[in-house]
Amino acid sequence: MIRLVDVSKEFKTKDTKIKAADRINLEIKDGEIFGIIGFSGAGKSTLVRCINLLERPTEGKVYLDDLELTSASKKELLKARRNIGMIFQQFNLLEQKSVIENICYPLLISGVRKKEALTRARQMLELVELTEKENSYPSQLSGGQKQRVAIARALATNPKYLLCDEATSALDPLTTRNILELLETINKKLGVTIVVITHELKVVEQICDRVAVMSNGKIEEEGKVEEIFLSPKSETGRKLVLPDSNSGAAPTRDYLRIVFDGQSSFEPVFANLISELGIKLNILGANTEDIGGKAYGQLLIERPDESNVKKVRDYLDKTKVSFEEVFVSKEVISA
C-alpha cells in the first residue's frame, strides 16, 4: 500500500516560493488502478515523483507498505525503489541501445546476470506483444511501440507498483486505448498496483478504480471514478466533466445531462426514451465511447417543457440511467 501523510513539496526560485504539493493525504490500495487527474500545473507530476522520492517532500511522510521512505537509509530506499517501476510521457529509452538492451538495462545495473536478464526481458517483451522487435532500435519504433518497451523495462525488475506519468499524452487516441488495455492486463495478470497521472478524463474512465482530482497543489476531491463522473463536487471536477462554457462547447439553454457509466453500448437508451414517451428532444451535445461493449460518457439534451420534464425524469429513474438537470447560470439538480 502507498500512503502519503501531509506531504508538501515547495520549490524556491530567486524571487518566490512555489508549493507544487500542499499537505496531501492519500492512500492507494494494493492491486488497484488509481488515477490522479487535473489540469496542467496542478502538481500531479510532482506528487507522483514524491512517491518514489525522485522529488523529496519538503514536509510529510511517504509510506511504501511498512517503510517510511523519507527517513529510510540509503540502502533501504534503493531496495524500495526496485519495487517501483515508472513510465513517462516521452518514453525515456536509450537511443543507442536495442529494445532488448533497453529492457535488460535496469536488471544489469542491479547485479542480475546477463543470461537471467535476457530471459526476463524476453518474458516482458512477450507480455507487451513486441517479441519481433527485440533487435530494433527506438528510432525504428512507433510511439505506441516505444511506450510498450518502456512498460516492459519498468516491469523487468518485477515491481509491485507502477507509476505512469502522463504515459499516453504523446499518443493518438487508438494507441492510447491499446496502451491502457495493456496496463489493465498487467494489473490483472501480475497484480501490479498502478498509479496513473493524467489530464484526460477518458484515461481515468477507461481503467481507473478510484481517482483524486487535483488543483493548485491540493486534492479537491477523491472517490470512485463513477462517483466523480456522475456528480463531481469540486470546481475542477466539474470543469473536467462538464462542457466548458468558455470554449463555446456548453449549451446556452437549460439541459439534461444523461450519464453513461458502463451500461451496455448495445442498449439504445435515447432512442428508447423518445420512442416510449412519444416526445421530441433536441440533442445539444454528446461525448460517448464504447469500451469493451460498455458505454461511457454523456449525452446532453435540451430540457423539455414542464409538462414533459417529469415524464423524462421518471423514465430515466425507472431505467436506472443517471442524469442531472443543468440550469444555465443556476444550480445543478442531480439524480
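Residues considered: ILE279, ILE37, ILE197. Largest GNM mean-square fluctuation over the chain, using C-alpha springs under 10 Å, is found at ILE279. The LYS19 and LYS79 beta-carbon pair, evaluated with R₀ = 25 Å, returns a calculated FRET efficiency of approximately 0.25.
For the chain, with a Gaussian network of springs between Cα atoms less than 10 Å apart, report the residue from GLN298, GLN140, GLN89 with the top mean-square fluctuation. Sorting by GNM fluctuation, first place goes to GLN140. One chain, two ends: SER142 and ARG253. Fully extended at 0.36 nm per residue, the span grows by 35.5 nm beyond their Cα-Cα distance. Here TYR315, TYR161 are placed in order of increasing Cβ neighbour count within 10 Å, fewest first, which gives TYR315, TYR161. Counting only alpha carbon atoms, the long axis of helix 143-155 and the longest principal axis of the chain meet at about 60°.
For the chain, the longest principal axis of the alpha carbon atoms and the long axis of helix 173-190 meet at an angle near 60°. For the residue pairs LYS188/LYS320; LYS97/LYS189; LYS233/LYS310; LYS19/LYS74; LYS44/LYS218; LYS9/LYS44, the C-alpha atoms sit more than 21 angstrom apart in LYS188/LYS320; LYS97/LYS189; LYS233/LYS310; LYS19/LYS74.
Considering only PHE270, PHE34, PHE91, the mean-square fluctuation computed in a Gaussian network model of the chain, springs between alpha carbons under 10 angstrom, is largest for PHE270. Exposure proxy ranking for TYR296, TYR105, based on other Cβ atoms within 10 angstrom of each Cβ and starting from the fewest, stands as TYR105, TYR296.
If the label point is 7 Å along Cα→Cβ of SER169, which residues in segment 175-215 have backbone nitrogen under 18 Å from it? Backbone N within reach: 175-177, 179-180, 195-205, 212-215.
Basic side chains Lys and Arg get +1 at the Cβ, acidic Asp and Glu get -1 at the Cβ, and with that the dipole of segment 2-234 about its Cα centre reaches some 940 debye.
Placing pseudo-labels 7 Å out from each Cα toward the beta carbon at TYR63 and SER40 gives an inter-label distance of 3.7 nm. Along the chain, the longest continuous region that contains none of the GluC sites (Glu not before Pro) in a DSSP loop with at most 11 other C-beta atoms within 10 Å is 96-330.
On the basis of the beta-carbon distance and an R0 of 45 Å, GLU129 and ILE279 show a calculated FRET efficiency of 0.35. Amide H contacts under 5 Å for ALA21: LYS9, restricted to partners 5 or more places along the chain or on a different chain, H placed in the peptide plane at 1.01 Å from N. Just to confirm the number: angle between the C-alpha axis of helix 306-318 and the first principal axis of the chain, 0 to 90 degrees, nearest 10? Taking Cα atoms only, the helix is inclined about 40 degrees.
Taking amide H atoms as placed 1.01 Å from N in the peptide plane, the amide H of LEU54 has no partner under 5 Å among residues 5 or more positions away or on other chains. Each label point was placed 7 Å from the Cα along the Cα-to-Cβ direction; for THR119 and LYS189 their separation is 1.9 nm. Within the shell of other residues whose beta carbon sits under 13 angstrom from the beta carbon of THR46, the net charge comes to +1, with Lys and Arg scored +1 and Asp and Glu -1. Taking every alpha carbon pair in the chain, what does the distance histogram look like in 10 angstrom bins from 0, in percent? Per 10 Å bin, starting at zero, the Cα-Cα P(r) for the chain comes out as 5, 23, 28, 22, 14, 6, 2, 0 percent.
Sequence gap at least 6, Cα distance under 8 Å: using those rules, report the relative contact order of the chain to the nearest whole percent. RCO, the chain: 17 percent.
Each of ASN52, ILE207, LEU130 was placed along the dipole of the chain (beta-carbon charges, centred on the mean Cα), and the one lying farthest toward the positive end is ASN52.
Coordinate-derived values only; no laboratory data. Note that the structure is predicted; figures quoted are calculated from it, not measured. So basically every Cβ, Gly included, is an ideal-geometry build from the backbone, and we count neighbours across all protein chains shown.
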